[in-house]
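First up is the structure itself, then whatever we jot down about it.
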Amino acid sequence: LDVSMDTWSYFHTCLVSIWLHRFYIYSAVAVGISLWIVIQFTTTRTKRKESHGNPASSEGTADKLGNGCAPPQAQEVHVAGVKIFYGSQTGTAKRFAKALAEAVTSLNLPVEVINMGDYDPEDGLSEETSSRNICVFLVATYTEGQPPESAAWFCKWLEEAANDFRVGKSFLQGLRYAVFGLGNSAYVDHYNTVGRRLDRWLWMLSASRIMTRAEGDCNVAQSKHGSIEADFEAWKAKFLTRLQALCKGEKKPCSGKCKKGKCKSSGKQSKESSDHEHGTSEHENSEAEELFETSSEEEAGGTDSVIDVEDLGNIMGHMKKAKVLLLEGVWNGQGLFLQAKLNCLMIFALFSGYKLIGSHSGVKLCRWTKSMLRGRGGCYKHTFYGIESHRCMEATPSLACANKCVFCWRHHTNPVGTEWRWKMDQPEVILQEAIENHQNMIKQFKGVSGVKAARLEEALTVKHCALSLVGEPIMYPQINRFVRLLHQHGISTFLVTNAQFPEEIRRLEPVTQLYVSVDASTKESLRRIDRPLFKDYWQRFLDSLKALAEKQQRTVYRLTLVKAWNVDELKAYADLISLGKPDFIEVK
């Protein structure tokens, strides 16, 4: 027992001593760790200097291993392979693609030649953002500036993705590409428009060019090298040189002063490398200038150029040289009257994505319709209510609206007004032309890669109509007749109103589902957000909600919530819901 007590007393004394001198112990440990870090850092720097001082061995190893052949721990793979996409009508682009593939194969790189008609860009291109492949696009321009039949869907999808505000502008960030266009300069208005547009759309989605776009000319008299074959061979040699540089890990872009194939590199590699590393935008600005040079006729004049109305804001912003006034539609008894002297190309741009019907109606193909045609998901109406998106027609009998909402995705290109003062088209005519235009747009997807034949056939029979395309459909004086006609054709109806026409809501005959957009819950916020034309807008808004409560049919509040604008007034929203007593509330 005495021995145990002595031992315990000894340990207790040691512990007390350690505790009293703990700060010295901490200091010793910190010094030790610091010395270890300094030694490690010094050793690493010495090894790096030795390796830089004797580059022969490392270069020899790299030459032996080659890109893509070394084990992961020995060498980073900068280029995993090359994918060559071609769109050909007469076979020239296909022949060039095969010739390029043979040349790439000689560099010991995997290569794949792909017909654009057999490729699904929606799934495939996004995968290329992280694949470390180089994508090469050889595409011809066919009749009237259109892509070859095999490349039609690829180009259509890419155009819609580039111009759709719902698709992120960095969607293809990481994809590296090069474009060689095939055309004939004898057709001045359409020379190589497909290659230029393809290059532009890829750039708009943040894909990275590895070299400037090149163009081959079938017109021997105008070809830079005497023939389109010689043009291709000259470009191919440049491409292979650039590819070899990329395989070695060189990231230096061109100086940014290259335009239309003429590169004026300054040769100051260190400065350019530094600019590249620090995100200089000189090259990007040059690219943008080049794109605007080649896109002026595309945005204004391609007869089959599809421009969504929701994208007009961006397009108008880009057309700096076309000094035109913004469209301010004033509708009189004779139809559309333009207050400003706009050229017919601007009018075409307004309605090119929308099929205009008569003088005040329109129809458009929804992106979810296209999605479901390809066997993919539908919109919220499919999720919530079982409506098949590929059998849904998006239309309106009135393009005009009584609000100018700050979040309007039509960018206020449609006319505005507080009453009907326009020449009226008959409901029968509107319905017939709406269905015909809708069917014609559906038929364009015949033969498109990924489209299900059964769904394409089903889509020709419209089963639902979303009366929410643009404007205020309830303003149309014959809206009840129009809705009855839709129901007689076995077409269900979802109608959306902006809650500024209470009497029209009361007079409206039952639709399948009646929506009211509730964009704010107080008078002040409604004024700021919807910017209504009516002076008594708040009373009209409340009366519209009361009228909704009186309807003996299915009703919906659509709450359009915008962060920092109208999301904090919860109690006020609850009061409005008690006022209108909707069956459903959809939060948008």
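The values are calculated or read from the model by the stated rules, or taken from the named source; none is laboratory data. What you are looking at is a predicted structure, and each value in this text was computed from that prediction instead of being measured. For neighbour counting, all protein chains shown are included, and Cβ atoms are generated from backbone atoms with ideal geometry for every residue, glycine included. For the accessible areas, the whole protein counts, side chains as well, though only heavy atoms, and no ligand, DNA or RNA atoms are used. Shrake-Rupley method; radii C 1.70, N 1.55, O 1.52, S 1.80 Å.
Points worth noting:
- Subset of the range 549-588 [more than 37 Å from the chain's Cα centre (by Cα) and of a type in the set (A, V, I, L, M)]: A549, L579
- Unique match (being at pLDDT 90 or above, more than 18 Å from Y515 (Cα to Cα) and in the same structural domain as A520 (by the TED database)) among K404, K446, K423, K463: K463
- Of all the listed residues (A402, A434, A466, A454), the sole one being over 30 Å from W538 (Cα atoms), touching a residue at least 60 places away in the same chain (Cβ under 8 Å) and among the small types (G, A, S) is A434.
- Among the residues of the range 354-374, those that are at pLDDT 85 or above and among the small types (G, A, S) comprise G358, S361, G362, S371.
- Cβ pairs under 6 Å, 6+ apart, first in the range 524-542 and among the hydroxyl-bearing types (S, T, Y), second assigned to a loop (DSSP other than H, G, I, E, B) and surrounded by 15 or more Cβ atoms within 10 Å (Cβ to Cβ): S525/N566
- Counting residues in the range 477-497 that are of a type outside the set (A, V, I, L, M), in a loop (DSSP other than H, G, I, E, B) and crowded, with 18+ Cβ neighbours inside 10 Å gives zero.
- Scanning the range 187-203 for residues that are open to solvent by 40 Å² or more (accessible area, probe 1.4 Å) and in a helix (DSSP H, G or I) turns up V188, D189, H190, R196, W203.
- Residue match in the range 96-110 (condition: under 29 Å from F180 (Cα atoms), at pLDDT 70 or above and in contact with a Phe, Trp or Tyr (Cβ under 7 Å, 6 or more places away or on another chain)): yes
- Scanning the range 380-404 for residues that are open to solvent by 20 Å² or more (accessible area, probe 1.4 Å) and under 25 Å from the mean Cα position of the chain (by Cα) yields Y380, K381, H382, T383, E388, R391, E394, K404.
- The one condition from (1) under 16 Å from S449 (Cα atoms); (2) among the small types (G, A, S); (3) touching a strand residue (DSSP E or B) at 6+ places or on another chain (Cβ under 8 Å) that G174 does not meet is (1).
- Which numbered condition L202 misses (of (1) under 24 Å from E229 (Cβ atoms); (2) touching a residue at least 40 places away in the same chain (Cβ under 8 Å)): (1)
- Matching residues, the range 520-568, being surrounded by 14 or more Cβ atoms within 10 Å (Cβ to Cβ) and among the β-branched types (V, I, T): T522, I529, T555, V556, T560, V562
- When V562, V516, V511 are checked against the criterion of being in a loop (DSSP other than H, G, I, E, B) and within 22 Å of K404 (Cα to Cα), V562 stands alone in meeting it.
- Residues in the range 225-240 that are surrounded by 14 or more Cβ atoms within 10 Å (Cβ to Cβ) and assigned to a loop (DSSP other than H, G, I, E, B): H225, S227.
- Members of the range 421-438 found to be within 29 Å of W157 (Cα to Cα) and open to solvent by 50 Å² or more (accessible area, probe 1.4 Å), listed by number: Q432, E433, E436
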